[in-house]
Structure formats: C-alpha cells, structure tokens
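What follows is a set of notes on a single structure, which appears directly below.
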Amino acid sequence: MKAAILNSFGTPLSIETVPDPILGTGEVIVDVAATRILAYAGEVFSGKRQYLLNLPAVPGAGGIGRVRALGPDATRLTVGDWVFCDPTVRSRDDAVSPDITLQGLSAGGEGGLRLQKYFRDGSFAQQMRVPTENVTRLGAIDESKAANWCALGTLLVSYGGFLAVNLLAGETVVMNGATGAFGSGGVAVAIAMGATRVIATGRNQAALEALAHRHGDRVRPARMTGDEEKDRATIVAAAEEPIDVVLDLLPPEATPSQVRAALLTVRPYGRVALMGGVGGRGDGGLHLPYAWLMRNCVTVRGQWMFPRDAAGRLIRLIHAGLLNLDGYRVTTFPLAQANEAVAHAAENAGPFNMTVLRP
C-alpha cells in the first residue's frame with residue numbers, strides 16, 4: 001500500500017510503498033477514505049511541538065473508512081461498514097488508569113510510548129490497523145460525504161469535555177477560545193446538547209459575529225482584550241445569568257490569565273473542564289484561588305480527549321440533525337500531495353475550515 005511517512009522531525013513527508021498492515025486478534029483493518037489534517041500538524045512534524053512520537057511513523061490521528069478485515073472479537077462490525085477510527089488508544093491491562101497514546105500523533109507519557117511501539121502508524125495511508133474498540137460504525141453514509149465526517153475528530157474533543165463535566169440541557173456555557181477549529185466546534189456541540197446560552201470568547205470580533213450568525217441568539221460573543229478583570233466582566237455581562245459550565249480550549253499561545261478570566265466566572269457549584277494547551281510551553285501555572293474554589297464548591301476537571309462511548313453518542317446526534325456537518329468548508333488532497341495538504345491546513349485554519357487527505 002501507499003503511505004506518507006515521517007522519517008525524522010523537520011523533514012518532509014515521504015510517499016512510500018509499505019507492507020499492508022497484518023490483522024491480529026482484537027484489531028480491525030480499515031481502508032482509509034478520508035482523514036483530517038490538524039492545523040498544527042506542521043508544527044508536530046517539524047518537532048516544534050515536541051510531541052512524543054517514535055519515528056519513522058505514518059502520521060494521522062483517526063479518520064473515516066470502511067472495514068477491510070476484522071478479528072474474532074468483533075460481533076457487530078462487518079466487512080464494508082463505514083466507520084470512524086478513534087485515535088485515542090488505551091492500554092488494556094488497567095481499566096482504572098490506562099496509559100494513552102494518540103495513534104499517529106503523540107503519546108501521553110512513558111506508558112503511552114510503550115503502547116505506541118505497536119499502535120504507532122496512523123491514517124496517512126491507504127490502510128490502517130486499529131484496536132477493535134476504537135472503531136465505531138457510522139451507519140449508511142454517502143461516500144461523497146466521507147470528508148465531511150472527518151469533522152467527528154474535531155467535534156469529539158469538546159464533546160468529551162462537556163461529558164466530563166456533565167453538561168445538561170438548559171444550562172449556560174462559556175466556550176473559552178471559541179474562534180479556533182476545536183472551540184468553534186465546541187459552540188456547535190454545546191448547542192446540540194441543549195445549552196440555553198453559549199458565551200463564545202475570542203479576540204477576533206468578525207469570527208465571533210460569524211459564530212453568532214451561524215447559531216442564532218443562543219450564542220453570545222464576548223471579545224477578549226487580554227485584561228483579565230475586564231474580560232471577566234465582559235463574559236458575565238454577555239451571560240446575563242449564572243454560568244454553569246466553562247470549557248477551556250485555548251491554544252498554547254494563550255496565557256494562564258486568559259484561562260482565569262473565564263474560569264472565575266462560573267457560578268457556585270459550577271463545573272470547569274480544561275482541555276487546551278496553555279502551559280505547554282513553560283509559561284507557568286494557572287494559580288487559582290484556593291479559598292474561592294473551596295467555598296464555592298467549584299469542580300475543575302482536566303480532560304484529555306473523550307471516553308470510548310463518545311463517538312457513538314455524537315454520531316447519533318449528527319444523524320438526528322442536531323449537528324450539521326455540511327457547514328464545514330472542506331478542501332481535499334490526494335495522498336501524493338500530503339505535504340501540500342499540511343501547508344494548506346496551517347494557512348487555512350479557523351472555524352469550520354477543514355483540510356482532508358483522501359488516501
């Protein structure tokens with residue numbers, strides 16, 4: 001089969017002929033139809049982000065495809081099924097605190113690196129081998145829409161955060177960092193889950209207004225300035241009512257004060273999910289007020305990715321019409337143009353933009 005190989009950090013992807021993956025027990029082989037390219041993929045491949053990825057490797061975190069072969073432990077899947085491949089691979093020998101690796105992207109630590117020795121190669125290839133539990137049926141879909149379904153990989157991140165803090169219909173949400181790909185998806189997910197009001201924060205006023213235009217009056221833009229106290233007041237004014245949930249998805253370029261500006265707006269007994277990249281570049285800790293957290297009974301939850309059952313639940317929301325994948329602007333590239341696709345993804349990041357590789 002053909003695959004894009006990252007042989008070393010800082011070098012272009014190499015399109016090579018490699019052996020087809022070999023099926024083992026507890027695994028599924030998938031013919032990859034489409035895989036999204038992260039806007040920051042170039043930073044990963046250059047080594048700038050210092051992700052834990054043993055090389056050489058086939059990159060690519062998750063994707064959409066059809067089942068080619070499956071092991072004896074699969075009882076619902078059949079050959080030819082359209083499926084979503086979840087890149088969040090967990091070790092199977094500790095159900096309480098499993099090690100995690102993101103297949104084709106990064107490990108979560110030393111245990112994740114051990115797991116990555118086997119489940120390393122990702123979706124920038126014509127076929128990929130995936131743990132059985134990481135394959136979720138999509139049902140009947142139009143093949144021409146396979147690229148749109150790649151949005152699952154983006155939407156599932158915020159969905160995992162909202163599940164972690166038990167977002168309920170009728171609640172008010174602050175989506176902190178709403179103008180990026182993951183944050184704008186979070187606005188859409190919160191609306192689909194029944195949030196009464198979503199406060200969308202960001203510095204780009206035009207992008208914030210576009211989110212409000214897309215989703216209607218349930219979205220309230222809150223333009224951030226970098227002044228923590230002023231920004232907190234802006235969020236509270238936009239909400240007009242107690243804030244139940246804050247989900248932070250700010251990128252590594254943001255500062256801890258930008259997180260605090262939103263986090264400290266949550267009501268007593270409110271919940272906060274931290275899923276962004278703040279602090280990943282060594283810019284210090286978050287420094288939250290101990291007494292305020294304790295006296296207001298606020299829950300602060302760190303969340304990396306999403307639980308196993310999230311994909312199936314989100315797929316049902318899409319089929320129910322609560323999330324519309326047709327709203328994504330999709331640009332596709334063939335596998336032979338993988339490097340051009342990575343550059344395009346970086347240059348065309350933003351809300352509801354998606355660059356997709358079609359192996």
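The values are calculated or read from the model by the stated rules, or taken from the named source; none is laboratory data. If you're wondering where the values come from, they're calculated on a predicted model, not measured in any experiment. As a convention, Cβ positions derive from the backbone with ideal geometry for all residues, glycine included, and neighbour counts pool all protein chains shown.
Assorted remarks:
- The range 240-257, residues that are surrounded by fewer than 23 Cβ atoms within 10 Å (Cβ to Cβ) and within 20 Å of ASN204 (Cβ to Cβ): PRO251, PRO252, GLU253, ALA254, THR255, SER257
- Residue tally, condition more than 15 Å from the chain's Cα centre (by Cα), within 26 Å of ASN348 (Cβ to Cβ) and crowded, with 17+ Cβ neighbours inside 10 Å, over the range 45-87: 7
- With a requirement of 1 or more residues that are within 18 Å of PRO131 (Cβ to Cβ) and modelled with pLDDT of 95 or more, the strands (runs of 3 or more DSSP E) lying completely within the range 1-85 that satisfy it span 27-37, 63-70, 82-85.
- Residue within the range 268-280 that is more than 20 Å from GLY170 (Cβ to Cβ), out of contact with any Pro (no Cβ under 8 Å at 6 or more places or on another chain) and touching a residue at least 40 places away in the same chain (Cβ under 8 Å) present: yes
- Note on the range 140-171: among residues that are charged (D, E, K, R) and assigned to a helix (DSSP H, G or I), the one that is nearest to the chain's Cα centre (by Cα) is LYS145.
- Applying the criterion of being in contact (Cβ under 8 Å) with a residue 24 or more places away in the chain and part of a loop (DSSP other than H, G, I, E, B) to the residues of the range 202-237, the residue that is surrounded by the fewest Cβ atoms within 10 Å (Cβ to Cβ) is GLY226.
- Of the set (1) within 23 Å of ALA341 (Cβ to Cβ); (2) in a loop (DSSP other than H, G, I, E, B); (3) of a type in the set (D, E, K, R), all apply to ASP94 but (1).
- Only one of LEU113, LEU163 that is farther than 28 Å from LEU317 by Cβ and in contact (Cβ under 8 Å) with a residue 40 or more places away in the chain: LEU113
- Taking strands (runs of 3 or more DSSP E) as the structural unit, those lying wholly within the range 256-359 and holding at least 3 residues that are within 15 Å of GLY186 (Cβ to Cβ), at pLDDT 95 or above and in contact with a Lys or Arg (Cβ under 8 Å, 6 or more places away or on another chain) correspond to 266-274.
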